[in-house]
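Asker: Pasting a structure here, questions to come.
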Amino acid sequence: MKEIIVDDKKAVQYKRRSWLSFVVFFAMNGLAYSAWKWLFGQPNNANGTKTLLRKGMETNESIFSHLFNEDKLAKEYPTDEAAKKPRVNGNLGLNNSFDAAQWKLNVVKATGDVLAISLEEIKKLPKVQVVFDFKCIEGWDQVTSWGGVRFSDFIKHFNLTKQQAMQYVGMVTPDEKYYVGIDMPSMLQPQTILCYEMNDAPLPINQGYPLRLIIPVKYGVKHIKRISTITFADTKPKDYWAENGYDYYTGH
């Protein structure tokens, strides 16, 4: 008889726990639905993003930008580990009517003066190679090899120290259909390069020939291809994907 009483007590406990689990489960689902409904009822900003989500992104940006260390390098790999045919992360801004023979990099100084710099002039600067794990916001990553000049060396060589004191860099493609805004500390990180080679050969057209940005501390959306114009500002320049609801900082 004693054994049966003990089993009955256990059965009652199991039932109570089961009912409690169901109650908690449905309560949590109800809270999640209410939170979802509340969130999507919030107003949108000018870009169609929920204001609350944008504030969250800006808070993350503030935290991670303060933690950023220019001297902390992204992991690099041996050249033989680099993909022979790297994936192309988008083709926005790569207009087929582009005339490579007429291309020059236009750098707008703080005074409004414009430097028109040829690829040959850029190639005279010390060349560096960066082999790193390229990360895309679509979820894939790939070890890739790139060659070019450090953005920090480019700044020094063309006497852009006043521009370096500003907070942001803006970059635009020749057709102005793709553009990015990037914080200056990330641009001055030693692995950030104005890139004109991939796998020790000139950039292919679909990878941004004649010049693109490689910035290992950012996701692929910031690695703008076929740069036409560079500007500097103390306020955030326009950024294609930030205007479409993505994080402006886009670091990792």
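Asker: Obtain the nm distance between the two label points defined at ILE137 and HIS252 by a simple spin-label model: each point lies 7 Å from its Cα along the Cα-to-C-beta direction.
Answerer: Reported label-point gap for ILE137 and HIS252 is 1.2 nm.
Asker: Full-extension gain between TRP19 and VAL88, please, as 0.36 nm times their residue separation minus the C-alpha to C-alpha distance. List each step's numbers first, then the result.
Answerer: Numbers: separation 69, 0.36 × 69 = 24.84 nm, distance 5.26 nm.
Stretched fully, the TRP19-VAL88 segment lengthens by 19.6 nm.
Asker: Restricting attention to region 72-154, which chymotrypsin sites (Phe, Trp or Tyr not before Pro) occupy a DSSP loop and are surrounded by at most 15 other Cβ atoms within 10 Å?
Answerer: Numbers: sites: PHE98, TRP103, PHE132, PHE134, TRP140, TRP146, PHE151, PHE154; in loops: PHE98, TRP103, TRP140.
Sites meeting the loop and neighbour criteria: TRP140.
Asker: List the trypsin sites (Lys or Arg not before Pro) within region 136-216 that fall in a DSSP loop (any state other than H, G, I, E or B) and whose Cβ has at most 16 other Cβ atoms within 10 Å. Can you show the working numbers first?
Answerer: Details: sites: ARG150, LYS156, LYS162, LYS177, ARG212; in loops: LYS177.
Answer in residue order: LYS177.
Asker: Something else about it: Can you give me the distance in nm between label points at ASN29 and GLU176, each placed 7 Å from the Cα along the Cα-to-Cβ direction?
Answerer: Going from the ASN29 label point to the GLU176 one covers 5.2 nm.
Asker: Label region 51-233 by shape, choosing from rounded, prolate and oblate, from the square roots a ≥ b ≥ c of the eigenvalues of the Cα gyration tensor; if a/c is under 1.5 it is rounded, and otherwise prolate applies when a/b is larger than b/c, oblate when it is not. If you can, show how the numbers build up before the last one.
Answerer: Working: a/c = 1.30, a/b = 1.04, b/c = 1.24.
Rounded, since a/c falls under 1.5.
Asker: To continue, here is another question. Just report the Cα centroid separation between region 169-244 and region 102-123, whole Å.
Answerer: Here the answer is 15 Å between Cα centres.
Asker: Take the cross-link list LYS85/LYS238; LYS124/LYS238; LYS109/LYS135; LYS109/LYS222 and give me the ones stretching past 28 Å between alpha-carbons.
Answerer: Values: LYS85/LYS238 31 Å; LYS124/LYS238 31 Å; LYS109/LYS135 31 Å; LYS109/LYS222 22 Å.
Checking Cα-Cα distances, LYS85/LYS238; LYS124/LYS238; LYS109/LYS135 exceed 28 Å.
Asker: Mind checking which lysines have their C-alpha under 29 Å from LYS15, skipping anything on the same chain fewer than 8 residues away?
Answerer: Correct list for LYS15: LYS2.
Asker: Using 0.36 nm per residue of separation minus the Cα-Cα distance, give me the extension gain between ASP71 and LYS109 in nm, one decimal. Before the final figure, lay out the partial values.
Answerer: On the way: separation 38, 0.36 × 38 = 13.68 nm, distance 2.65 nm.
Using 0.36 nm per residue and subtracting the Cα-Cα distance, I get 11.0 nm.
Asker: Using a cut-off of under 18 Å, list every residue of region 175-197 whose amide N is near the label point 7 Å from the Cα of GLU81 along the Cα-to-beta-carbon line.
Answerer: 191
Asker: Output ³J(HN,Hα) for region 75-88: one whole-Hz value per residue in order, computed from phi by the Karplus curve 6.51 cos²θ - 1.76 cosθ + 1.60 with θ = phi - 60°, and x for Gly and Pro.
Answerer: With the stated coefficients, region 75-88 comes to 4, 10, 10, x, 4, 5, 8, 6, 5, 6, 10, x, 5, 9 Hz.
Asker: Quick one: if you stick a label point 7 Å off each Cα along the C-beta vector at ASP234 and GLN167, how many nm between them?
Answerer: 0.9 nm
Asker: Turning to a different aspect of this structure: Return the sequence-ordered ³J(HN,Hα) values of region 142-151 in whole Hz as given by the Karplus equation 6.51 cos²θ - 1.76 cosθ + 1.60 applied to θ = phi - 60°, using x for Gly and Pro.
Answerer: Listing the rounded values in order: 7, 6, 9, 10, 9, x, x, 10, 4, 4 Hz.
Quick note: the coordinates plus some simple rules give every number you see, no bench work behind them. From a predicted model like this one, the values you see are computed outputs, not experimental measurements. Because the Cβ atoms are built from the backbone with ideal geometry, glycine has one as well, and the counts that use them run over all protein chains shown.
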